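For reference, the structure discussed in these notes is given below.
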Amino acid sequence: MVANRTNSGQTRKPLLLALRGKAQLPPPIWLMRQAGRYLTEYRNLRDQAGSFLDLCYNPKLATAVTLQPVNRFGFDAAILFSDILLIPHALGQDVKFIERDGPQLSPVRSVRDVDKLNSELDFAHLAAVYETVSNVATQLSEHVTLIGFAGAPWTVATYMVEGRTSKNFDLIKRWAFSDPIGFEILISRLTDATIIHLCKQIEAGAEVVQLFESWAGVLPAKEFLRWCIKPVKFITEQIKERFPNVPVVAFPRGAGTGYTGYAEATGVDGLGVDYTLSPTWVAERLQPNVAIQGNLDPAVLLVGGSAMKAAVSEIKLALSSGPFVFNLGHGVLPQTPPEHVAELVQLVRED
Ligand code: 1CP
């Protein structure tokens with residue numbers, strides 16, 4: 001087990017300090033999907049690896065891809081290069097990433113289908129992911145924080161049940177609304193797997209863990225409580241029981257009014273906010289209770305120039321006097337010019 005520097009409670013890493021509730025000037029910055037197709041150096045290694053899954057399961061290449069954006073832009077954090085759909089894969093589901101068409105999974109649509117999955121995570125491939133975490137941990141400079149992650153159970157379940165990126169979520173809702181007791185079996189299997197997967201990443205050297213709840217915005221309020229809040233709360237409690245000093249961040253994208261009270265209800269240390277929320281509203285209503293991460297529209301990063309300057313100033317003005325991590329309000333778009341990212345880092349760090 002790699003010594004986890006956060007366990008000492010002592011750190012000078014700006015990202016960790018912000019997530020422990022201490023305002024940092026300038027605020028730390030990293031970007032969701034900071035590794036990826038907008039970087040030529042990524043496309044080169046991606047071509048060498050073969051498939052996207054081959055890249056995720058190749059510690060040497062996954063380490064290099066994780067470090068590329070950190071070395072190029074000087075971000076305050078590295079996020080493990082991996083994917084939320086490695087969990088369904090390790091549970092025995094057939095998972096493929098089709099070029100330009102996104103993920104494709106052999107669907108799980110009933111308790112009988114869940115019963116056909118592995119009862120426990122298969123570590124045959126996941127061992128390579130933890131090896132990547134420990135490789136990256138030894139290669140980061142002093143001020144850079146290593147982030148591990150997983151998809152939140154509801155979001156991962158949408159891919160497992162729909163078999164792909166969904167448009168209207170009718171198949172998963174049909175199951176969850178008509179047979180909540182059966183659907184709970186899938187969510188609870190995913191919740192347990194997520195806890196194990198995140199703990200393994202922390203043992204390998206991850207200093208923060210983030211839960212991506214990309215499809216928080218598609219559920220009615222009551223179901224949002226049951227399928228999003230409740231599992232995230234349980235995962236957060238379990239992580240905190242084992243690793244009390246490792247901050248947990250959640251990103252319930254599109255939660256809308258569900259953002260109010262989310263941090264209190266789940267116990268997370270950091271809250272990722274999407275770009276639809278106004279920075280001043282976030283500062284007044286959410287930041288008093290939780291460290292905020294976000295929320296520049298990735299399309300504004302793509303456009304750059306004066307639109308980006310204005311949006312960055314607005315976000316900094318509203319949020320940087322409290323605990324805050326600068327990020328996007330969703331992932332970097334593949335067409336983003338890398339020079340805009342370099343300029344963004346500069347804008348965030350200047351007075
Ligand atoms: O090379 C390629 O074409 C693959 C594109 C790609 C990449 C670079 C995929 C396929 N996943 C990833 C990496 C990835 N995915 C990371 C790595 C670290 C980093 O941020 O640099 C992370 C954190 C994720 C998380 C992820 N995967 C999410 C949550 C965040 C989000 O975007 O909402 C989701 C939903 C996925 C599923 C996924 N993986 C890949 C695709 C095309 C999709 C479907 C996305 C969708 O449904 O919109």
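The values are calculated or read from the model by the stated rules, or taken from the named source; none is laboratory data. The structure presented is a predicted model; accordingly, all values stated were derived computationally and were not measured. Because the Cβ atoms are built from the backbone with ideal geometry, glycine has one as well, and the counts that use them run over all protein chains shown.
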With the condition kept exactly as written, say whether any residue in region 189-203 is more than 13 Å from the ligand (Cβ to nearest atom) and among the small types (Gly, Ala, Ser). yes
Residue identified as part of a loop (DSSP other than H, G, I, E, B) and either under 30 Å from Thr11 (Cβ atoms) or among the aliphatic types (A, V, I, L, M) (or both) among Leu67, Leu126, Leu53, Leu31: Leu31
Could you please find all residues in region 210-260 being over 23 Å from Leu171 (Cβ atoms), touching a strand residue (DSSP E or B) at 6+ places or on another chain (Cβ under 8 Å) and assigned to a helix (DSSP H, G or I)? Ile235, Thr236, Ile239, Lys240, Tyr259
Whichever residue in region 79-99 is assigned to a loop (DSSP other than H, G, I, E, B) and more than 8 Å from the ligand (Cβ to nearest atom) and, among such residues, is surrounded by the fewest Cβ atoms within 10 Å (Cβ to Cβ): Asp94
Across region 292-329, which residue is farthest from the ligand (Cβ to nearest atom) among those that are surrounded by fewer than 22 Cβ atoms within 10 Å (Cβ to Cβ) and assigned to a loop (DSSP other than H, G, I, E, B)? Ser321
Answer residue from region 52-78, given it is among the small types (Gly, Ala, Ser) and away from the ligand (no atom under 11 Å from the Cβ) and is farthest from Ser141 (Cα to Cα) among those: Ala64
Per the filter on region 261-291, residues assigned to a loop (DSSP other than H, G, I, E, B) and either in contact (Cβ under 8 Å) with a residue 60 or more places away in the chain or surrounded by fewer than 21 Cβ atoms within 10 Å (Cβ to Cβ) (or both) are Gly261, Gly267, Asp269, Tyr275, Thr276, Leu277, Ser278, Pro288, Asn289
Check Asp115 against each of (1) more than 13 Å from the ligand (Cβ to nearest atom); (2) surrounded by 15 or more Cβ atoms within 10 Å (Cβ to Cβ) and name the one condition it does not meet. (2)
Show the residue pairs meeting these rules: Cβ distance below 8 Å; 6+ apart or different chains; first residue within region 209-221 and farther than 25 Å from Leu80 by Cα; second residue of a type outside the set (Val, Ile, Thr) and at pLDDT below 95. none
Thr155 - would you say it is closer than 16 Å to Ala216 by Cα, within 16 Å of the ligand (Cβ to nearest atom), β-branched (Val, Ile, Thr) and outside any helix (DSSP H, G or I)? no
How about region 100-112: which of its residues are of a type in the set (Ser, Thr, Tyr) and either surrounded by 16 or more Cβ atoms within 10 Å (Cβ to Cβ) or part of a helix (DSSP H, G or I) (or both)? Ser110
Looking only at residues in region 145-164 that are surrounded by fewer than 24 Cβ atoms within 10 Å (Cβ to Cβ) and more than 17 Å from the chain's Cα centre (by Cα), which one is nearest to Arg33 (Cα to Cα)? Arg164
